[in-house]
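Structure first, commentary second.
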Amino acid sequence: MISKSIAALAALGLLAACGGGGSSGSPMTPGRTDGAPSKPSAMSVHAANPAEAHRATMAAATSIPAFGSVTQSSNRNASDVTTDAASASFDGTDLQLTVRRQDGSSIALDSADHTVVRQGYSPPLQGASGRTYALLDFNETSISAASVTVSWNNSDPTDYLAGGYWMHFEGTTAPLRITGVELGAFVDGPELSGAASLPNLGTATYSGDAGGLYAVRYGAGSGVPAGSTETGEFTANIALTADFANSTISGCIGCDGSGVTDHVFVDASTGQAREVSGESSESSFHLSPASIDASGRFTGTTVRWAHPDATVTSTEGSWAGQFSNVAVNGDPRLVAGTVGAQAQTSLGTEVVFASAATSTFRPEASPR
């Protein structure tokens, strides 16, 4: 469900690489035409406060996801549980994303008013269509942006699934000063809102896409000046195995070598930034077994980052998800959720990652 060619925030750039990169998205006219400040550039926003952006990404990466939808964000309580609640609605034409904070305030983006890039998406489910939106809204004191992919039943658009990630920046846009950053990932839709009917025997395998935001701060001896940063979007395949007999699920993102990044690199020695699109990545995220409850929800407290060229000295993270309440051959037809992780290497490099992911059922690999 997460598009592997997301134009995702490409119109604004921000933490993801901006502009082109071979995107097949169709540019749309930004929703604001009322004389508000000009659209911020990717490089200017990135350079305005990279430390705060890195802090927010780390907070989201190590937060415990919350349910309703599945939401994992940088706003969290003293127990590290996400306090935001992201929800999406879709009527077959327009998509609305709302992120409600614990204090009752909210971030709202609507495809009718805030679409900057829109592109088609081909869902794996038969009889379904899909679309990815890059959404942007801004004024004199804030910038909100999101990448959301939605898929829906051609016969019933109210049968939809949406997922992606958002960012919100506080400060001023003229002149550009960033004082606060919030971000997160989510999945939402009617088939995740009710309890799943789970078999009590056998296993089922699921495969799909994961996409999210990541940030790297390089240490000494890493081949680039210490303190250099890399921030952007990471996409890769995800594979999951559900063991219904033991009520557990586990898996991996990028273990097949499918990782790709679009990012902005900032050289610590010169302060210069450059954009990189479509770069292969050997990073992988190993999702240790999580217990599935009777409703089809699960939360795992161990995510390990790995890279063949890195010696990992510490790694932590969490992931959570929900099985679909729609079944195929007795198994939930998909599972969707969020993943976050952080890691440090022996060279002092720090990696943080937060994503949304969806996997669909592979019936040929599910013996009963």
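Points worth noting:
- Rg/Rh, computed from the Cα trace of region 62-215 with Rh as the Kirkwood radius, has the value 1.00.
- Amide H contacts of D209: I2, I238, T358, each under 5 Å away and 5 or more positions distant or on a separate chain (H built 1.01 Å from N in the peptide plane; Pro and chain starts excluded).
- Residue-averaged [θ]222 nm for the chain, counting only DSSP H segments that reach four residues, each worth -39500 (n - 2.57): -1500 deg cm²/dmol
- Fewest-first sequence of S89, S155, S193 by Cβ atoms within 10 Å of each Cβ: S155, S193, S89
- Footprinting exposure proxy ranking of E140, E230, fewest other C-beta atoms within 10 angstrom first, gives E140, E230.
- Karplus 3J(HN,Hα) series, Hz, for region 163-180 with 6.51 cos²θ - 1.76 cosθ + 1.60 (x for Gly, Pro): x, x, 8, 9, 9, 9, 10, 9, x, 9, 9, 8, x, 7, 9, 9, 10, x
- Rounded, prolate or oblate (a/c below 1.5 giving rounded, otherwise prolate when a/b exceeds b/c) for region 190-249 by Cα gyration tensor: prolate
- Calculated from backbone phi, Karplus (6.51, -1.76, 1.60) coupling profile of region 285-298 in Hz, x at Gly/Pro: 10, 9, 9, 5, x, 10, 7, 9, 8, 5, 8, x, 8, 8
- For G300, residues with placed amide H under 5 Å, excluding near neighbours: W319, A320
- Per-residue ³J(HN,Hα) for region 317-334, Karplus 6.51 cos²θ - 1.76 cosθ + 1.60, θ = phi - 60°, Hz, x for Gly and Pro: x, 8, 8, 7, x, 9, 7, 5, 8, 9, 10, 10, 6, x, 10, x, 6, 7
- Given charges at beta-carbon only (K, R positive; D, E negative), |dipole| of the chain in Debye: 180
- Within region 58-85: backbone nitrogen closer than 19 Å to the E316 label point (7 Å, Cα to C-beta): 58-66, 72-83
- The distance linking region 77-114 with region 296-330 is 23 Å (Cα centroid to Cα centroid, whole angstrom).
No value in this document is a laboratory result; all are computed from the given coordinates. Small disclaimer: the values here were computed from a predicted structure and weren't measured. Don't worry about glycine lacking a Cβ; one is built from the backbone with ideal geometry, like all the others, and counts go over all protein chains shown.
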